[in-house]
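Structure record follows, encoded as structure tokens.
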Amino acid sequence: MDTTAATTTRRTTRLAAAPAAPPVAGRRTPGRPRNEAIETAVLDAAAGLLRDEGFASCSIEAISRRSGIGKPAIYRRWPHRTALAIDAFSRRLAAEVPLIDTGDAPQDLVEDFARLAEHYSGPDGVVLAELLAAAVLEPGAAQLLQDQFFAQRRRRLVALWRCGVDRGQLRADVAPDDAIDLIFGAGIFRLLMGHAPLDPQAARRLAQTALTGLVDHDRTRSSQANPHPTTRKQGPPGRPPNNRKTPAGGTT
């Protein structure tokens, strides 16, 4: 091997063995924060902006100013503001409106929906509507909202439904996803359309209706047992019955 080749080989070997330079995580501060601290600061700032000013004001620049974390560090963790806003909203909702499991699955589902409706009666209801609008208008936002927000809560609700099935409190022949859509989907529809109230009382009524069903089971069973009830044959309208006696002593 000639001298030039040997020098190149040694230089390449040293570069490969050298440790990689640590990434720059936004603005440096004394006692540089850990990644978890950076993420918490960014998510808290985004959640605060969403509640105070809405989704339109939740830009990466505004989040950077509020959190004190540089924009490069934020962009390394979230590709754009919609992804960050959805993460921040999901995290806060999970902390402020956790699902409950008291052992009574039907009642827990009713109360979970009522508590969620009460939460959405405030600023977060507006934020959710804004995020749903972004899911329609921004490419890829719908999948982000499904993966980072709805799917997480849905998994826990499905687990709650299955616990109710195991306890004999809920029907095993009902698909959990169908049940969750029937109960909680009504709330999203009312939130978006605004045609009817979505307060805790209305939410409880909606959830209980979904759980008990819309069919009058007693009347249904009665009609199935007697599908063709006998009725007395009536004459033509307006014509009185013919009670004239026949020679045999009967009537015609």
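Quick notes on this one:
- Extension gain from ILE100 to ARG162, taking 0.36 nm per residue of separation minus the Cα-Cα distance: 20.9 nm
- Quotient of the Cα radius of gyration of region 32-96 and 2.2 N^0.38 Å, N being its number of residues: 0.99.
- Among ALA62, ALA94, ILE38 the positive-end extreme of the charge dipole of region 32-96 (Cβ point charges): ILE38
- Taking 7 Å steps out from each Cα toward its Cβ at SER59 and GLU138 produces label points 1.4 nm apart.
- Taking 0.36 nm per residue of separation and subtracting the current Cα-Cα distance, fully stretching the chain between ALA151 and GLN208 would add 18.2 nm.
- Packing here is the average count of other Cβ atoms within 10 Å per residue, and on that basis the peptides 79-89, 187-197, 151-161, highest first, run 79-89, 151-161, 187-197.
- Fully extended contour minus Cα-Cα distance, from HIS195 to THR40, at 0.36 nm per residue: 52.1 nm
Readers should treat all values here as calculations from the given coordinates under stated rules, not as data from a laboratory. Since this is a predicted model, take the numbers as computed values, not measurements. Using ideal geometry, Cβ is built from the backbone for each residue, glycine included, and neighbour counts are taken over all protein chains shown.
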